[in-house]
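Down below is the structure, laid out as structure tokens.
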2 protein chains.
Amino acid sequence: MNKYFNALHAPIGAHSSFTLGCLGKNGGLGLELGGPADDNVYIGVETRQGNAYEALPFYAGAEDESRRYDHTKKTDAAQNFFTSFAQSEIKRDFALGTDCWSAGDLTFTIYSLAEGVPEPDQADAATLKKVLCPAVMAELTIDNTQCSQARRAFFGYANGRSGDAFNVIEDTDGMRGFARGQATGIFTDSKSATPAMGFGIGNVLKEKHAFNYNFHLGGTALMLCQVPAGKKVTFRFAICFYRGGIVTTGMPCSYYYQRYYKSIGDVAKEALASFAWLKSRAKAANRLLERKQLSDDQRWMMAHAIRSYYGSTQLLDHKKKPVWIVNEGEYRMMNTFDLTVDQLFFEMKMNPWAVRNELDLFTSRYSYTDMLHFRDGQNIHPGGLSFTHDMGVRNHFTKPGFSSYELAGLTGCFSHMTHEQLVNWLLCAAVYAKGSDDQPWLTRNLPVFKKCLQSMLNRDNPIAADRNGVMSLDSSRTLEGAEITTYDSLDESLGQARNNVYIAVKGWAAYLAMETIFAENGMPKDAEVARDQARRAATTIAGHLDSAGFIPAIMGEKCDSRIIPAIEGLVFPWVLGQKKQLADAGPYGALITALKTHFKTVLTKGTCLYDDGGWKLSSTADNSWLSKIYLCQFVARKILGFDSPETRKHADAAHRNWLLKDENLRFAWSDQMSSGVAKGSKYYPRGVTSILWLEE
Amino acid sequence: MNKYFNALHAPIGAHSSFTLGCLGKNGGLGLELGGPADDNVYIGVETRQGNAYEALPFYAGAEDESRRYDHTKKTDAAQNFFTSFAQSEIKRDFALGTDCWSAGDLTFTIYSLAEGVPEPDQADAATLKKVLCPAVMAELTIDNTQCSQARRAFFGYANGRSGDAFNVIEDTDGMRGFARGQATGIFTDSKSATPAMGFGIGNVLKEKHAFNYNFHLGGTALMLCQVPAGKKVTFRFAICFYRGGIVTTGMPCSYYYQRYYKSIGDVAKEALASFAWLKSRAKAANRLLERKQLSDDQRWMMAHAIRSYYGSTQLLDHKKKPVWIVNEGEYRMMNTFDLTVDQLFFEMKMNPWAVRNELDLFTSRYSYTDMLHFRDGQNIHPGGLSFTHDMGVRNHFTKPGFSSYELAGLTGCFSHMTHEQLVNWLLCAAVYAKGSDDQPWLTRNLPVFKKCLQSMLNRDNPIAADRNGVMSLDSSRTLEGAEITTYDSLDESLGQARNNVYIAVKGWAAYLAMETIFAENGMPKDAEVARDQARRAATTIAGHLDSAGFIPAIMGEKCDSRIIPAIEGLVFPWVLGQKKQLADAGPYGALITALKTHFKTVLTKGTCLYDDGGWKLSSTADNSWLSKIYLCQFVARKILGFDSPETRKHADAAHRNWLLKDENLRFAWSDQMSSGVAKGSKYYPRGVTSILWLEE
């Protein structure tokens, strides 16, 4: 297994990451980036012989220099002044909260949290201050017990010469370090570590005069650490991120952590003071994945995906109220709803209030009402309430009722996702209400559910008698166009929303969810309508199972693509405890058995399996989303009972191999894969669908 | 003359610039940059025939597309959908406050201020708000009187996909536009202009649905302007810059303009409301250079240099007090003192309070006391007060007493400039006191002058009797090294401070200045010491005139380089009104005639003249600073009486040609030239020494 993959080490809610692991200049300290920071990262130690240095291979040219200094061979001293450890000598121990590199006498461990954020309006400030601290921690241990000379170690980074300058920050308590402006920096409280700046790694390490460590023109900054002869010493670091002031437009917000931290120095001070606590929490995070039922491949993918999720999280403060944002990886769209619905299971486990927070902002600011048209028809039919694709992009909240993404007049990528986001609101809201047992919220939102029901009905057919439980009309927001789904860059098999079996099953699940909610809240007529629609949907879908044993991706139109996500929507009744509705012998037995037949038919090589055993979401497209695969694996195994090498071991191995392909290493966890290569949705938060595996 | 040179259009004190003029993707809206912004800038109009567009050539690929659409030739429509005007058709009218481009039916004029900033603590807020408004203005005029169809025109820019997103900002008064986050943006109050965003210029211009102008994922934003058939219409734009919150480290400051503007929208609103005033002030700025005695070459270089200066200016707000910073062009060092002393003449003309502001911060925060050593000796001799090279870099104020630049243990670039900065404080302080008639400030600072005198004496010789008026000892801050001068990357002829004739003449001027100040302020003994030192200096310098008719650059050491800046320091007694001291028959007649002889000897081809007539500051180095040339031209012509084609016409033509060399066009006005090519000090503020030409 290639160990040189980038992983995010991200504070919670700070939209930042110390990304490290990919060879060369591919990582670093990133604040509000859609990818790695492109810093040179320097982590190394003087050789036992002295006057030469070895480092982990995370800087430009590392590949060429990644060989062990040959002590017997007579070589040019300058050439070997700075080399990387031999790759074969380097070990990595990668987990959810810790990531440990070791080579020679050096060990470098990074600690980051992966836990729930207490509800800001209710939690005590002391806890919030720690959990939201925009820093990750690191320990650099040098074992000098086998060496009779003092040695120097270092940890630092180099960044381009634009932007704010590197500067040294210290306080009277001994905290010291350096930062680029106020944005990113490395701090320590170790007394024998000294910040040093210069034009390059060689200049800093060769500098004779400590006076000159103060040089500010260079783009390289290091913490220089003194290790006495014969001692083993550990240096502690806080890797900090900070952005003060108003950081968003459209709806002006600051970071929530700004309540507790007025500067990056404040962050460093708190992080170092809370070092032991943060380290223990990072170790505790590892335990989440230390379950027997998880294979190594699963554990690795979950750790990788959860880390990437946290790098996209951003807890903002708007008019003294929290706003929970998950940015969309490389694209940085904010709270993309079709990601929210997938991240739902993870967020419900970690911090259900965040789901409510997202839903409320969709309802209050990012909803709209449209008209509808039949294919090739005019927008003369009443539509109803729906929700935008996202809330903005790259720190800009778009205006109320509009996403950053959706365009009019299209039938493909960048068209509207009106129906899907309507379904997504219903499913998220139902799961939140059930999972959090938040009856006051549910009661307040019953009118929204009711509007959503009407909107669903209208999108099925304006004439009640003609409804089949499936979306048949497209939004007027597309003008003469057609709606798409979250699989926006796939072919029509998953790209078209109308009559799509993937959307239809999610719609069925939404009707089921509404039925229960209306029934339990004194709205029996609405419950009846919802149940009737669920039945119609089930009948329609099951009725399209053809003689070849599959349900075509687009039902009743000319498309016989076969898609795995036909089964995706089954996760919602399962999470909502509607076990009866999922039973072969239950009221929807025909649908369930049809989907089982479908799944069995399509999960074969040449159809929805790649040759390597990886899952191919559509038989007609070489474009597969790992987050959705994870989700469908859970449905197949846990709900439909297909637990086999094809749904588990072989698939997991293939998917891990995808993520470890050379082309993908830089982008940590990525979603959209063409033949296992990430072509889009890189550096992405959505893989936390894998949290469902803990339920098996 | 090549008209495609970048020029800065910069607000005052906002460290930003709309830089435009160099072909291709070489300009744009820059905030706190050391060079142009690398935006694609789109300024254009639909052709009279329609459905195709022509633009000014300020975007990538412009060179290839810069030909007129051939209406007769049958060509691929897509290929010609967007082309640049033919370069031969484009006209430019470049002045200090206005810069006007015209081509076909399009005229685009940029207006920027070039005037004094009223003293912030005393001026009324309304005036300050306007003068400090971080915006420049533009007018786009489309003459559609010869066309019977409505046409679209546009002005906008494209920037990379990192950083904050483009977003549309509008207010109820009709102000609207777009900005990247809060940083840079373009706004208008023209009712027939619409902001539009998209993936690229083609996508935006071809977009059929206005709904889609709201697309936020793209990096291109345009103001689309409707021009009715048969009409001539002018659209007004504010090109705005903004950075809120604390922007510096070390000494936390915000922009002074933040007192008046809480967002880039505020800036836009004020700029548009004050459009007429700002335009008239920009036109008034042109009049500064509309003097008969200025040649075209001079006027062009002055306008170019003054514009570059303003792009480097940054008025900050620290604890409710103004802090005037001039950043050092591409290097962005803050208030580099050896630039301050050259920019002095311009700042005294525009806003003398800024000079006082700089001096006070040098005295209070950026001064230190050292020890001294003779060459190869130890640092055992008392030194004295001096000042740091700069106050920081890239928005970081270095710690008190230290610059970002000066290193210990060197004899070349990045060594200390202790002696030069001491002299610079004295000269700036004397010129400020005299020019502003600020007796209270002078009285308060007499103790500083006195300390400076002692420091000058100690640097001459610890034994009074052995003093020769010239620096002989180097600072302990260099350890065993040696001090340098502002000509840091030149050879020792101008790079070494000790015994340097350039420093010696500036030192002589400093003694003269002190003599007068002490004499006029009841300190006759100090005046006498200063006068005695001035005499010794003059005797020493004049005594080194050798038989070949020149004073060697380093006096009494083995260096016979010949340098023009031997005469540089004469500017200070002239500005201080010490005409007698500059007379051949005056008390320093021997020095003056020696310098005349020297100058006459060196200003010859093969010595200090390039073949093209440009000035070569040192006979032994191909490295010439335009700012210093401008200053020495003034001294040669006005003070020493050498007014000839070599000192004026031929030189000016050569220097203008340097700035118009292909390699230099991108960097607007640059300082350090090797054979006329800018190798360093690009995009630089120092050329405002040319303001002295107005005194001829």
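The values are calculated or read from the model by the stated rules, or taken from the named source; none is laboratory data. Remember, predicted model here, so these are calculated numbers, not experimental data. Cβ coordinates were reconstructed from backbone atoms using ideal geometry, including for glycine residues, and neighbour counts include every protein chain displayed. Just so you know, the surface numbers come from the protein's heavy atoms only, side chains and all, with ligands and any DNA or RNA stripped out. Shrake-Rupley method; radii C 1.70, N 1.55, O 1.52, S 1.80 Å.
Assorted remarks:
- Other residues whose C-beta falls under 10 angstrom from the C-beta of A:PHE550 contribute a net charge of 0, scoring Lys and Arg +1 and Asp and Glu -1.
- 222 nm mean residue ellipticity, helices alone, for chain B (DSSP H n ≥ 4; -39,500 (n - 2.57); rounded to 500): -9500 deg cm²/dmol
- Of all accessible heavy-atom area on the stretch A:583-629, the percent that carbon and sulfur account for (1.4 Å): 54
- Relative contact order of the stretch A:285-442, pairs being alpha-carbon contacts under 8 Å that are 6 or more residues apart, as %: 19
- At most 14 other Cβ within 10 Å, DSSP loop - trypsin sites (Lys or Arg not before Pro), the stretch A:141-205: A:LYS191
- Extended-chain gain in nm, criterion 0.36 nm per residue less alpha-carbon gap, B:SER436 and B:ASP584: 50.4 nm
- Computed with a 1.4 angstrom probe on protein heavy atoms, the B-A interface buries about 3400 square angstrom of accessible area in total.
- Gyration tensor verdict on the stretch B:100-156 (Cα atoms; rounded if a/c is under 1.5, prolate if a/b is larger than b/c, oblate otherwise): prolate
- Computed from the C-alpha gyration tensor, the three semi-axes of the ellipsoid equivalent to the stretch A:460-517 are 21, 16, 10 Å, from longest to shortest.
- Heavy-atom SASA rank of A:ASP164, B:ASP652 (probe 1.4 Å, accessible area, largest first): A:ASP164, B:ASP652
- Cross-link reach is defined here as a Cα-Cα straight distance under 20 Å, omitting same-chain residues fewer than 8 places apart; for B:LYS580 the lysines meeting it are B:LYS434, B:LYS506, B:LYS596, B:LYS638.
- The alpha carbon gyration tensor of the stretch B:384-525 gives principal lengths a ≥ b ≥ c with a/c of 1.5 or higher and a/b no greater than b/c, which makes the shape oblate.
- The simple Förster model, with R0 at 45 Å and r as the Cβ-Cβ distance, assigns B:ASP121 and B:ASP560 a FRET efficiency of 0.30.
- Surface composition of the stretch B:384-492: carbon and sulfur atoms hold 56% of the protein heavy-atom accessible area at a 1.4 Å probe.
- Of all DSSP bridge pairs formed entirely within chain A, close to 95 percent run antiparallel.
- Binning all Cα-Cα separations of the stretch B:193-302 at 5 Å, short to long from zero, yields these whole-percent fractions: 2, 9, 11, 11, 13, 15, 15, 12, 7, 3, 1, 0.
- Residue-wise HN-Hα coupling along the stretch A:267-281, computed from phi with Karplus coefficients 6.51, -1.76, 1.60 (Hz; x: Gly, Pro): 4, 4, 4, 5, 4, 5, 5, 9, 3, 4, 5, 4, 5, 5, 5
- If only the Cβ of Lys and Arg carry +1 and only the Cβ of Asp and Glu carry -1, the dipole of chain A around its Cα centre is close to 1300 debye.
- Based on C-alpha pairs under 8 angstrom that are at least 6 apart in sequence, chain B has a relative contact order of 12 percent.
- Note, ³J(HN,Hα) from phi for the stretch A:14-29, Karplus 6.51, -1.76, 1.60, rounded to Hz, x at Gly and Pro: 10, 6, 8, 7, 8, 9, 8, x, 7, 4, x, 8, 10, x, x, 9
- Among the trypsin sites (Lys or Arg not before Pro) found in the stretch B:307-340, those both in a DSSP coil and sparsely packed, with 16 or fewer other Cβ atoms within 10 Å of their Cβ, are B:LYS319, B:LYS320.
- Candidate lysines for bridging to A:LYS129, where Cα separation is under 24 Å - those fewer than 8 sequence places away on the same chain excluded: A:LYS262, A:LYS269, A:LYS279, A:LYS283, A:LYS319, A:LYS320, A:LYS321, A:LYS349
- Listed residue (A:ALA276, A:GLY507, A:ALA668) projecting farthest to the positive dipole end of chain A, Cβ model: A:ALA276
- Under a 5 Å amide H cut-off, with hydrogens placed 1.01 Å from N, A:ARG48 pairs with nothing among residues at least 5 apart or on other chains.
- If the convex hull is drawn through the Cα atoms of the stretch A:99-223, its volume per residue in Å³: 155
- Global form of chain B, assessed from the alpha-carbon gyration tensor, a/c cut-off 1.5: prolate
- Heavy-atom accessible surface of the stretch A:289-379: percent carbon and sulfur, 1.4 Å: 47
- The Cα-based radius of gyration and maximum Cα-Cα distance (Dmax) for the stretch B:574-696 are 15.1, 49 Å.
- Under 5 Å from the amide H of A:ALA7 lie the amide H atoms of A:LEU20, A:GLY21, A:CYS22, each residue being 5 or more positions distant or on a separate chain, with H modelled from the backbone and absent for Pro and chain starts.
- By average C-beta atoms within 10 angstrom, highest first, the peptides A:365-371, B:371-377, B:484-490, B:461-467: B:484-490, A:365-371, B:371-377, B:461-467
- Ligands, DNA and RNA are left out, and with a 1.4 angstrom probe the accessible area of chain B is 32 Å² per residue.
- 19 Å Cα-Cα threshold exceeded, pairs from A:LYS208/B:LYS682; B:LYS616/B:LYS679; B:LYS3/B:LYS25: A:LYS208/B:LYS682
- Surface accessible to a 1.4 Å probe, A:GLU290 within the full protein complex, Å²: 120
- The rotation axis taking chain A to chain B passes closest to the C-beta of one chain A residue; that residue and the distance in whole Å read A:GLY245, 1.
- Remark: label point of B:GLY202 defined 7 Å out from Cα along the Cα-Cβ vector; separations to the same position in other copies 4.5 nm, ascending.
- Over the stretch A:365-433, relative contact order from alpha-carbon pairs under 8 Å, at least 6 apart, %: 26
- Convex hull volume of the stretch B:348-390 per residue (C-alpha atoms, cubic angstrom): 91
- The charge dipole of the protein assembly as shown, taken about the Cα centre with unit charges on the Cβ atoms of Lys, Arg (+1) and Asp, Glu (-1), comes to about 1020 debye, rounded to the nearest 20.
- Starting from the label point of A:LYS525 at 7 Å along Cα→Cβ, the same points in the other copies fall at 10.7 nm, in ascending order.
- Coil-residue trypsin sites (Lys or Arg not before Pro) of the stretch A:492-600, DSSP, other Cβ within 10 Å capped at 13: A:LYS558, A:LYS579
- 7 Å along Cα→Cβ, label-point gaps from A:GLN87 to other copies, nm, shortest first: 4.7
- A:ILE201 - accessible surface, heavy atoms, 1.4 Å probe, Å² rounded to 10: 30
- A simple charge model with +1 on the Cβ of Lys and Arg, -1 on the Cβ of Asp and Glu and nothing else charged puts the dipole of the stretch A:628-696 at about 160 debye relative to its Cα centre.
- Note on the stretch A:652-694: percent of Cα-Cα distances in each 5 Å bin, starting at 0 and stopping at the bin with the largest distance, equals 6, 24, 32, 25, 10, 3.
- Couplings 3J(HN,Hα) of the stretch A:619-634, computed from phi: 5, 10, 9, 8, 7, 10, 9, 4, 4, 6, 4, 4, 5, 5, 4, 4 Hz, in residue order, whole Hz [Karplus 6.51 cos²θ - 1.76 cosθ + 1.60, θ = phi - 60°; x for Gly and Pro].
- Excluding same-chain neighbours fewer than eight residues apart, the aspartates and glutamates reachable from B:LYS451 by a Cα-Cα span under 13 Å are B:ASP370, B:ASP526.
- Amide H contacts of A:ARG498 (H built 1.01 Å from N, under 5 Å, at least 5 apart or other chain): A:GLU483
- Beta-bridge orientation, the protein assembly as shown: approximately 95 percent antiparallel, per DSSP, counting only bridges with both partners inside.
- The calculated pair-distance distribution of the stretch B:154-218 uses every alpha carbon pair, bins of 10 angstrom beginning at 0, and gives 21, 57, 22, 0 percent.
- For B:GLY606, net neighbour charge (Lys/Arg +1, Asp/Glu -1) across residues whose Cβ lies under 12 Å away: +2
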